[in-house]
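Peer 1: Below is a structure I'd like to ask you about.
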Amino acid sequence: MKSILVIGMGRFGTYLAHNLASMGNQVMVVDKDEDIIERLAPHFTDALAGDCAQEEVLKEIGVNNFDVVFVTMGSSFQSSLEVSALAKDLGAKHVVSMSGSEIQSKFLLRNGADEVIYPQKDMALKTAVRYNAENIFDFIQLDNDNGIFELAIPKEWVGKDVVSANIRKEYNLNVLAVKKGGKETLLAIAGYVFSEDDHVVVAGSFKDVERLKGR
């Protein structure tokens, strides 16, 4: 369990805070809009209406006491930049700031952010990969060349186990898990026999996954 501060309760910040809280973390949310905070307060460990671009507000919060500080003020890059810098100056351990462009990312990293998240870019890439091949159901990017993919089982794998399908040698992919019927997730076991409606979770390169396209 981590102590987490989320500053900026727009759509992304709200979804992020709810997900982090549902995972058992202690989450405090902050926004300038009192109505938003009044609505969200019952769902989080703590909530505050205030302008975090003001140093005294961040001091009151105790920004240095949180494991992670998320700055998700997407409507104002200037405010996001100021809050990221102030939070770091006041001793925040790890600042993660939301970015809307590559240029914004560079400025944020130079001015307080330890890490940036770029939701629109990430979603665009995820959507492009998902719809580029009908057999890809989800994916997580690891770097420019590699990722973790949820794939439909190619016809030639049905009735074979993980070893006899020769996935690593034939496709250079590492099987991590199997989703039985596309729902129940099982850790990959060498003797597991694939069924037609299974999905497989693999780690590998975009290039190698592309070879399965249309199978």
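The values are calculated or read from the model by the stated rules, or taken from the named source; none is laboratory data. Since the model is a prediction, treat every value here as computed from it, not as a measurement. All Cβ positions, glycine included, derive from the backbone under ideal geometry; neighbour counts span all protein chains shown. Ligands, DNA and RNA are excluded from the accessible area calculation, which covers all protein heavy atoms including side chains. Shrake-Rupley method; radii C 1.70, N 1.55, O 1.52, S 1.80 Å.
Peer 1: Give the number of residues within region 84-106 that are under 14 Å from Ile7 (Cα atoms), open to solvent by 40 Å² or more (accessible area, probe 1.4 Å) and assigned to a loop (DSSP other than H, G, I, E, B).
Peer 2: Residues in region 84-106 being under 14 Å from Ile7 (Cα atoms), open to solvent by 40 Å² or more (accessible area, probe 1.4 Å) and assigned to a loop (DSSP other than H, G, I, E, B): 1 in total.
Peer 1: A further question follows. Out of Asp143, Asp161, I need the residue that is modelled with pLDDT of 85 or more and of a type in the set (Asp, Glu). Which one?
Peer 2: The match here is Asp161.
Peer 1: Could you tell me whether region 120-128 includes any residue that is over 30 Å from Lys207 (Cα atoms) and either open to solvent by less than 40 Å² (accessible area, probe 1.4 Å) or free of Cβ contacts under 8 Å to residues at least 40 places away in the same chain (or both)?
Peer 2: The answer is no; no qualifying residue exists.
Peer 1: Open to solvent by 60 Å² or more (accessible area, probe 1.4 Å), in contact (Cβ under 8 Å) with a residue 12 or more places away in the chain and farther than 14 Å from Ile7 by Cβ, is that true of Leu142?
Peer 2: Yes, satisfied.
Peer 1: Another question about this same structure. Looking at region 149-158, which of its residues are over 31 Å from the mean Cα position of the chain (by Cα) and closer than 11 Å to Asp198 by Cα?
Peer 2: Once the filter is applied, which keeps residues that are over 31 Å from the mean Cα position of the chain (by Cα) and closer than 11 Å to Asp198 by Cα, region 149-158 yields Lys155, Val158.
Residue-wise test of (1) within 20 Å of Arg110 (Cβ to Cβ); (2) among the basic types (Lys, Arg); (3) modelled with pLDDT of 95 or more; (4) crowded, with 23+ Cβ neighbours inside 10 Å.
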{"residue": "Ser3", "(1), (2), (3), (4)": "no, no, yes, no"}
{"residue": "Phe12", "(1), (2), (3), (4)": "no, no, no, no"}
{"residue": "Asn19", "(1), (2), (3), (4)": "no, no, no, no"}
{"residue": "Lys32", "(1), (2), (3), (4)": "no, yes, no, no"}
{"residue": "Ile37", "(1), (2), (3), (4)": "no, no, yes, no"}
{"residue": "Leu40", "(1), (2), (3), (4)": "no, no, yes, no"}
{"residue": "Asn64", "(1), (2), (3), (4)": "no, no, yes, no"}
{"residue": "Val69", "(1), (2), (3), (4)": "yes, no, yes, yes"}
{"residue": "Ser80", "(1), (2), (3), (4)": "yes, no, no, yes"}
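Peer 1: Taking region 107-119 only, how many residues are under 25 Å from Phe206 (Cβ atoms) and either in a loop (DSSP other than H, G, I, E, B) or over 14 Å from the mean Cα position of the chain (by Cα) (or both)?
Peer 2: The total comes to 1.
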